[in-house]
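Novice: Pasting a structure here, questions to come.
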Amino acid sequence: MSIASMMRRLPVLLVLLPCAVAWGQGPAPESEILFREVRVLDTVRGTLGEPTDVLVRGNRIAALGADTPRSESAEVIEGRGRTLMPGLIDAHWHSTFTALSQAAMTAPDAKPESLAATVAAESGRTLMRGFTSVRDVGGPVFELKAAIDAGEVAGPRIWPSGATVSQTSGHGDMRLPHERSRRFFGKPSLAEDMGATFIADGRDEVLTAVRENLRMGASQIKLMAGGGTSSAYDPLDVTQYTLDEMRAAVEAAEDWGTYVTVHAYTVRAVRRAIEAGVKCIEHGQLLDEDTLALMARQGVWLSTQTLRPSTEAMDPLRREKRKPVIEGQARTIAAARRAGVRMAWGTDFLFEPELNVEQNAFILGLRDWFTPAEILRMVTHDNAELLALSGLRSPYQGRLGVVEVGALADLLLVEGDPLENLDLIADPARNFAVIVKDGRVVKGE
Ligand SMILES: [Zn+2]
């Protein structure tokens, strides 16, 4: 079953998303929440402070310290020595395609309304897992984001890429076998129609595709620079886009103050991307030490995953194509750490909704290479720094990933000390007693 054939069901999805969940808008500017006697996780230093008070006013952290003055109407949450930490961030998420299985999308009786409701419900569950921000790196997302921001649907803050930008026969060419090239035959494919991808060749088309996404509010641009495991027509080893095409994307993004991130595994693809001015590499599991050292020198980010070995249930083609990626993962993450590459973490779940409940547990996979302090820093502070690369195109201005005065109030009250016991974050239902997003309690006691 190809990805393209699943998308047949989705074109109407977009208009249906704002569903009837009354979730409410952000807090009033003067509303207050006081966390009493919490131990604040310093995500930069990897330490836990002595019990203190934290005051949230509006959607920001207003004050830290005992005896913080607060208004009469402040909502008081007793911390009793529990940990207060920033909300989690997933730097590689696909809001729509993580929610839907191949079976759901291809079922003869699949209704766009129910698919839309499934996507909206999953975004609510993502927030309940403590993920208060995600970077969406491909797929229809702008309507979902608008619905969340308007308070109509529960969900995390979303940094949207919009449709991926791919060359013909590239990783984002998700056409059905019978669908012919738009350029020669005049008709966009279903995947293009629904906002999953742009198939764009040559400088001009790449510029238009990038600018279409920017017009819709993309905070960064996702471009396909090499072969993929979940696509049918491009072998893993191939390099995609000429240097000039990739430069065109970077020019258009940089003129809007933001950046291009690329899907790429191989040395050749990544070196070309760096030469074109790309600022972030998604995946990179086939990189060598020299290329990682080059990334470190140039300040290019590696957005990594903690992929698990392929399952029997997986599409056989995808399972086969994933083998070298899985094998390369342990080696490249260790080498990237040694080289001092700036690293972010994300799940990259795709069409496997049964994995979503393990979004937190996948963080624990980082323990093969990092200490709990480094891991907690990566999934909060470091991921937030990657989000901040969007500059003025960031949809939510303000600091994230830290519990500091002036930062946006995305907070988790955790039962216990995650530095001591990182497993705590893998069971959010039990261990995240309170979740605050944008200064509003979305889960509480
Ligand atoms: Zn992905």
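Novice: Roughly how tilted is helix 243-255, in degrees to the nearest 10 and between 0 and 90, from the longest Cα axis of the chain?
Specialist: So the inclination is approximately 30 degrees.
Novice: Would you please give the FRET efficiency between Glu445 and Gln298, computed as 1/(1 + (r/R0)^6) with r the Cβ-Cβ distance and R0 = 35 Å, to the nearest 0.05?
Specialist: After rounding, the FRET efficiency stands at 0.15.
Novice: What do you get for the angle between helix 289-298 and the principal long axis of the chain? Use alpha-carbon atoms, 0 to 90 degrees, nearest ten.
Specialist: Approximately 60 degrees, to the nearest 10.
Novice: Mind jotting down the distance between the C-alpha centroids of segment 79-115 and segment 371-442, whole Å?
Specialist: Between the Cα centres of segment 371-442 and segment 79-115 lies a distance of 18 Å.
Novice: Let me ask something else. Among His381, Met246, Gly186, pick out the residue whose Cα is farthest towards the positive end of the charge dipole of the chain, where Lys and Arg carry +1 and Asp and Glu carry -1 on C-beta, about the Cα centre.
Specialist: Of the listed residues, the answer is Gly186.
Novice: What does the extension gain come out to for Ala150 and Lys323, with contour length at 0.36 nm per residue minus their alpha carbon separation?
Specialist: Separation in residues times 0.36 nm, less the Cα-Cα distance, equals 58.1 nm.
Novice: Report, by chain and number, residues whose modeled amide H sits under 5 Å from the one on Ser303, excluding near sequence neighbours (fewer than 5 apart, same chain).
Specialist: So Ser303 has HN proximity to Ile281, Glu282, His283, Ala344.
Novice: Now for a separate question. For Thr164, which sequence-distant residues (separation of 5 or more, or a different chain) have an amide H within less than 5 Å of its own amide H, given hydrogens modelled in the peptide plane?
Specialist: When sequence neighbours closer than 5 places are left aside, the close amide H contacts are Gly139, Thr197, Phe198.
Novice: Additional query: For Leu243 and Ala121, what is the calculated FRET efficiency with R₀ set at 41 Å and r taken between the beta-carbons, to the nearest 0.05?
Specialist: Using R0 = 41 Å, I get an efficiency of 0.45.
Novice: In terms of modelled amide H atoms, which long-range or inter-chain residues lie less than 5 Å from the amide H of Val434?
Specialist: Leu413
Novice: Something else: Going by alpha carbons, how many degrees (0 to 90, nearest 10) lie between the helix axis of 267-276 and the longest principal axis of the chain?
Specialist: Around 80 degrees separate the two axes.
Novice: Hey, what number do you get for the chain at 222 nm if only DSSP H runs of n ≥ 4 count, each worth -39500 (n - 2.57), divided across all residues, to the nearest 500?
Specialist: Here the helix-only value at 222 nm equals -8500 deg cm²/dmol.
Novice: Work out from phi, with θ = phi - 60° and the Karplus expression 6.51 cos²θ - 1.76 cosθ + 1.60, the ³J(HN,Hα) of each residue of segment 381-397, listed in order in whole Hz, and give x for Gly and Pro.
Specialist: After applying 6.51 cos²θ - 1.76 cosθ + 1.60, I find 4, 5, 4, 5, 5, 5, 4, 5, 4, 6, x, 5, 8, 5, x, 10, 7 Hz.
Novice: Quick check: net charge around Gly172, other residues with Cβ under 11 Å of its Cβ, Lys/Arg +1 and Asp/Glu -1?
Specialist: Neighbourhood net charge equals -1.
Novice: Provide the per-residue ³J(HN,Hα) series for segment 299-314, in order, calculated from phi with Karplus coefficients 6.51, -1.76, 1.60 and θ = phi - 60°, each as a whole number of Hz, with x at glycine and proline positions.
Specialist: x, 7, 6, 10, 9, 9, 10, 10, 5, 9, x, 5, 9, 4, 5, 5
Novice: Around Arg247, with a cut-off of 12 angstrom between Cβ atoms, what is the net charge of the other residues, counting Lys and Arg +1 and Asp and Glu -1?
Specialist: Value of the local net charge: -3.
Novice: Next question. Given a Förster radius of 22 Å and the C-beta distance between Val357 and Thr106 as r, what FRET efficiency does 1/(1 + (r/R0)^6) yield to the nearest 0.05?
Specialist: 0.45
Readers should treat all values here as calculations from the given coordinates under stated rules, not as data from a laboratory. The model shown is predicted, which means the values in this text are computed figures rather than measured ones. Cβ: placed from backbone, ideal geometry, glycine included. Neighbour counts: every protein chain shown.
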